[in-house]
Amino acid sequence: MENNSIRSKITLKVGGNTNHNALKTAIVGHLSDGKMVLLDCIGVAPNYIATKAIILVRGHLVTVGKGLEVYPIFSEIMVDNPTDSPVKTGIRWVLDLR
């Protein structure tokens, strides 16, 4: 990966109702613009949708001769409508072109 301090990053919040094809299109667009993409997921369903989108992104990038670097990390994520706490622990998927 390049020096992350000077690269722009985009954070996409993935929900249980997110369309994985629309997410794939958004990820590919941001990666093509030279941005690092961060996917914030809280819960099983959003992580499943993110995983499907990542698989589709990787397949798309292979057809154009590019690679994808992906790694998950635990992250404290701010939620918009907190029921008890405005901060939840979730998984942040970090995606970047190789």
| request: Grab every C-alpha pair in region 1-51, bin the distances at 5 angstrom width from 0 up to the longest one, and report whole percents. | output: 5, 21, 28, 21, 14, 9, 2
| field | Where the chain is the region considered: accessible area per residue in Å², 1.4 Å probe | value | 59
| Neighbourhood net charge (15 Å Cβ-Cβ; Lys/Arg +1, Asp/Glu -1) for Ile54 | +3
| Anchor Lys13: aspartates and glutamates whose Cα lies under 12 Å away (excluding residues fewer than 8 positions away in-chain) | Asp40, Asp80
| With springs only between Cα atoms under 10 Å, which of Asn17, Asn81, Asn47 fluctuates most in a Gaussian network model of the chain? | Asn81
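Under a Cβ-Cβ cut-off of 12 Å, what is the net charge of the residues other than Asp33 that fall near it, where Lys and Arg count +1 and Asp and Glu count -1?
+3
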| remark: In whole percent, the fraction of accessible protein surface over the chain that belongs to carbon or sulfur atoms, probe radius 1.4 Å, stands at 56
| remark: Sparse-neighbourhood loop hits (GluC sites (Glu not before Pro), the chain; DSSP loop; Cβ within 10 Å at most 14 others) -> Glu2
| message | Give me the one-decimal Kirkwood hydrodynamic radius in Å for the chain, with the sum taken over alpha-carbon pairs. | response | 13.8
| said: Between helix 20-32 and the chain, what is the angle of the helix's C-alpha long axis to the longest principal axis, kept within 0 to 90° and rounded to the nearest 10? | reply: 60
| note | GNM of the chain, Cα pairs under 10 angstrom: of Val70, Val37, Val57, the biggest fluctuation goes to Val70
| So what's the net charge close to Ile42: Lys and Arg +1, Asp and Glu -1, counting the other residues with Cβ under 9 Å from its Cβ? | +1
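The values are calculated or read from the model by the stated rules, or taken from the named source; none is laboratory data. Worth saying up front: this structure is predicted, and the values here are computed from it rather than measured. Glycine gets a Cβ as well: all are built from the backbone with ideal geometry, and neighbour counts include every protein chain shown. Surface areas here come from the heavy atoms of the whole protein model, side chains and all, with no ligands, DNA or RNA. Shrake-Rupley method; radii C 1.70, N 1.55, O 1.52, S 1.80 Å.
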